[in-house]
1. Apply the Karplus curve 6.51 cos²θ - 1.76 cosθ + 1.60, θ = phi - 60°, to the phi angles in segment 94-108 and return the couplings in whole Hz, x for Gly and Pro.
2. Relative to the present Cα-Cα distance, how much length would full extension add between GLU73 and THR60 at 0.36 nm per residue of separation?
3. By how many nm would the segment from SER38 to ALA97 grow when fully extended, if each residue of separation counts as 0.36 nm and the alpha-carbon distance is taken off?
4. Checking the table LYS24/LYS111; LYS27/LYS78; LYS61/LYS104; LYS61/LYS111; LYS78/LYS111 against a 22 Å threshold on Cα-Cα, which pairs fail?
5. Sketch the reach of a paramagnetic label on ALA87 as a point 7 Å from Cα along Cα-to-Cβ, and name the residues of segment 24-55 whose backbone nitrogen lies under 20 Å away.
Amino acid sequence: MMNKKLILWVGALTLSFVSIVSAKSYKLDFSTPVQAGSAQLEAGTYKLEVEGSNAVFTNTKTRKSVTVPVKAEETNTKYDFTSVDQATEGSTVQINAVKLGGTKTKLGFSK
């Protein structure tokens, strides 16, 4: 009986740890408007959270949120800080990927 309680307790602790880790957010600053997937983001500071296969960008000033589908990829390299890979196409700045600081996760964005 004691083993079953211990296993249940460890399982519950593990699940709570996983939910805390997945709730991490990342700060991104954009000096100009950017395109993330099909969504247009105004210049400003954003909180980025990953929810399953989606990235949720929340403007810290207006609190407006935009949800964009992403492809999460585990790489061999742990990123020291959060960075954005972007390209300019005409007058549009397109986010290609976001590398999440403190993890090996790279989020890919489709156009």
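What follows draws every value from the coordinates through simple rules; no lab data is involved. Keep in mind it's a predicted model, so treat the numbers as computed, not measured. Counting neighbours? That spans all protein chains shown, and the Cβs are built from the backbone with ideal geometry, glycine included.
1. 9, 7, 8, 7, 10, 9, 8, x, x, 9, 10, 9, 10, 9, x
2. Working: separation 13, 0.36 × 13 = 4.68 nm, distance 2.63 nm.
Extra length from GLU73 to THR60 when fully extended: 2.0 nm.
3. Values: separation 59, 0.36 × 59 = 21.24 nm, distance 1.36 nm.
Length difference between fully extended and current span is 19.9 nm.
4. Values: LYS24/LYS111 25 Å; LYS27/LYS78 18 Å; LYS61/LYS104 29 Å; LYS61/LYS111 26 Å; LYS78/LYS111 26 Å.
From LYS24/LYS111; LYS27/LYS78; LYS61/LYS104; LYS61/LYS111; LYS78/LYS111, over 22 Å: LYS24/LYS111; LYS61/LYS104; LYS61/LYS111; LYS78/LYS111.
5. Residues passing the 20 Å test: 32-41.
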